[in-house]
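The values are calculated or read from the model by the stated rules, or taken from the named source; none is laboratory data. Not measured: the values here are computed from a predicted model. Cβ: placed from backbone, ideal geometry, glycine included. Neighbour counts: every protein chain shown.
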Amino acid sequence: MTPAFKRRLNEYVLLTRFNRPIGTLLLLWPALWALWIGAGGLPDPLLLAVFVLGTLLTRSAGCIINDFADRNFDPHVERTRERPLAARRISPHEALALFVILMLLAFVLVLQLNTRTVLLSLVAAGFLGTYPLFKRFFPAPQLYLGVAFGWAVPMAFMATQGKVPLIAWLIFVATVVWACIYDTFYAMVDREDDRRIGIKSTALLFGRRDLLVISLLQILMISTLGLVGVIANLGWIYFLGVACAAALFVSQTWSARNRAREACFRAFLNNHYVGMVLFVGIALATAQR
């Protein structure tokens, strides 16, 4: 492997964020919640593999199309100016070619599922491709991101049950709210840069009431998850997981109370543990049945 090829490969890794798995995990946890609840326990191994690999591919494809859309904005933002497209180390055509390859691989995976799930995946692709545009005009693009990330939930229920019941939509709502929570923390890091270049975000929309609104959203998510537990009769282990998630939320908001950029970014990263404790609660609760 030549040094030039190694450098090129490294740029692809940076472009797809394979070196930063947090985004994949935040997208994957709700899919796993839905798979385990939809299947009533451990899902079919093929189904699990399709969702895990599909999540990895689509998240990376989403990063590419986001960076492609923002390639003229990112050079003006401290956190993003060294991204491969922003720094012009990768050409737009090269990035689009990689995006198409990843999406085709993801589509091959989803073809292993039933027809209705395949149709839902096309909706997911639409959300994925249009999200970057919403930052230009929609005052709460984090809400749209939540819909894009949460669409794995109805897909998981369709794949396991052949339908999307009420409980699936409740988990979907919780996922949308959760994305608004963690991505607002993320947007608080870039608030001043976004204000200067005209990018919309909930951090700007909420203004000085940002932590208050985040706290209300956290309460809404925990309440929705509680309702999920009651309807699905998941028992005390599940509710212990929900309680742990609530404690993590309190810790996040408290740590970001001064709105320091580093603290807000740590609060964003901490949401991985929220998804994890909820999954552990679901997995243990369904294993007891």
Worksheet item: Within region 33-79, how many residues are in a loop (DSSP other than H, G, I, E, B) and among the small types (Gly, Ala, Ser)?
Response: 2
Worksheet item: Is at least one residue of region 205-221 under 29 Å from Ala49 (Cβ atoms), in a helix (DSSP H, G or I) and at pLDDT 95 or above?
Response: yes
Fill in: Of all residues making up region 66-99, the number that are in contact with a Pro (Cβ under 7 Å, 6 or more places away or on another chain) and of a type outside the set (A, V, I, L, M)
5
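Of everything in region 127-153, what is touching a residue at least 60 places away in the same chain (Cβ under 8 Å) and under 23 Å from Thr117 (Cα atoms)? Give them in sequence order.
Leu128, Gly129, Tyr131, Ala148, Phe149, Gly150, Ala152, Val153
Each row is one residue, and each column tells you yes or no for (1) of a type in the set (A, V, I, L, M); (2) in contact with a Lys or Arg (Cβ under 8 Å, 6 or more places away or on another chain); (3) at pLDDT below 90.
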position: Thr24; (1), (2), (3): no, yes, no
position: Trp36; (1), (2), (3): no, no, no
position: Gly40; (1), (2), (3): no, yes, no
position: Leu47; (1), (2), (3): yes, no, no
position: Ala61; (1), (2), (3): yes, no, no
position: Val77; (1), (2), (3): yes, no, yes
position: Leu85; (1), (2), (3): yes, yes, yes
Worksheet item: In this structure, is Val164 of a type outside the set (Lys, Arg), outside any helix (DSSP H, G or I) and buried (at least 19 other Cβ atoms within 10 Å of the Cβ)?
Response: yes
Worksheet item: For residues in region 110-160 being of a type in the set (S, T, N, Q) and part of a loop (DSSP other than H, G, I, E, B), which is nearest to Leu47 (Cα to Cα)?
Response: Gln112
Fill in: Failed item, numbered, when Pro154 is tested on (1) farther than 19 Å from Leu220 by Cα; (2) surrounded by fewer than 23 Cβ atoms within 10 Å (Cβ to Cβ); (3) not hydrophobic (A, V, I, L, M, F, W, C)
(2)
Worksheet item: In this structure, is Arg83 surrounded by 19 or more Cβ atoms within 10 Å (Cβ to Cβ) and part of a loop (DSSP other than H, G, I, E, B)?
Response: yes
Item to complete: Test Phe18 against the stated conditions and say whether it is under 16 Å from the mean Cα position of the chain (by Cα), part of a loop (DSSP other than H, G, I, E, B) and either surrounded by 22 or more Cβ atoms within 10 Å (Cβ to Cβ) or not small (Gly, Ala, Ser) (or both).
Response: yes
